[in-house]
1. Based on DSSP, what percent of beta bridges with both residues in the chain are antiparallel, to the nearest 5?
2. Counting other beta carbons within 10 Å of each residue's own, what order do D82, D17, D217 fall into, fewest first?
3. How many angstrom separate the Cα center of region 162-211 from the Cα center of region 139-159?
4. Could you state the number of Å between the C-alpha centres of region 81-134 and region 241-271?
5. Within the set of other residues whose C-beta is less than 9 Å from the C-beta of A234, count the net charge using Lys and Arg as +1 and Asp and Glu as -1.
6. How would you classify region 1-56 from its alpha-carbon gyration tensor, with a ≥ b ≥ c the square roots of the eigenvalues: rounded for a/c under 1.5, else prolate if a/b is greater than b/c, otherwise oblate?
7. Under a Cβ-Cβ cut-off of 12 Å, what is the net charge of the residues other than L84 that fall near it, where Lys and Arg count +1 and Asp and Glu count -1?
8. Once you place label points 7 Å from the Cα toward the Cβ at D261 and E120, how far apart are they in nm?
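None of the figures in this text is laboratory data; all of them are computed from the coordinates on show. Quantities reported herein were computed from a predicted structural model and do not represent experimental measurements. Here the Cβ positions follow ideal geometry from the backbone for every residue, glycine too, while neighbour counts run over all protein chains shown.
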Amino acid sequence: MRIARSVASLGPVDVGDHVCWVVPRPDDFQRTARGYLSDGTHLGDKVMVVGSSSPAWLEFHAPQGVLVDPVVARGGVGWDADALVSLVRQEAETAGREGFRALRVLAQMDRIWPAGITAEQVADQELRLDAVTGGTAAMVVCAYASPGFAPKVLEQAASVHPHFTGHPAMAPSFQMFNDAMDCWSVSGVVDADGAGAFRTAVTGLLRTTATLRLRCDGLQLMDAVGMQTLAEVAATLPGRKVLLERANPTVRRCWELLGFDDPAVPAELVP
């Protein structure tokens, strides 16, 4: 089972990890990216940089490396929403056939996302990418420059990765990520502060499945705002239902006290 966590650096990143890296300064990117890429050569990984030919890449000179610049490839307009997911899946399969341990990806998101990308689009893309990362021999670090992206976009990006690194002030209050087929884990605290990002993530997932399973082993607390948000999202999509699995006694008690254990609410606590 994957476990959400914040990491102090990219050193511990391993196969199956999907990391949101909020980069505060350009010089931080060069130094940290170089170390992350170099680790791949020592461990037998195939390295792929999706972004610009930055100094971190130029100094790396990996013969087994792949560099893809979406801006150049698409004439400066960035990629559509499916391109990164498709590329990672394809290159991970190729790396396996070529005998590499794994595919090690560094994605510069300011070179991938089109200008004006919304939080909803980021959530959709990152959640689908997480499902691919967790199910293949790949690890993906998504580098988000700050400043560079709107605060709402950064908050959304951080909340839909199982791993986060960057300034502690940017760490998400909750994290949602793929746990198994048609099952997603929620960890941390879902309250008024993160309700907007939570609404966006759940809405996107519910549009793709009739029954959304949310595994709550790592969920510490969901307050009244979080519960109301969950119930409202499920109610706005007829025929959809949310199952909350393995919630702790505090969450279960609050759910009951606030009246959400009503059969009319299309969200249910299950063992």
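1. Of the beta bridges lying entirely in the chain, close to 15 percent run antiparallel.
2. D82, D217, D17
3. A separation of 14 Å, based on Cα centres.
4. Here the two parts' Cα centres lie 34 Å apart.
5. Result for the neighbourhood of A234: +1.
6. Taking the square roots of the gyration eigenvalues as a ≥ b ≥ c, region 1-56 is oblate.
7. Net charge in that neighbourhood comes out at -3.
8. 3.5
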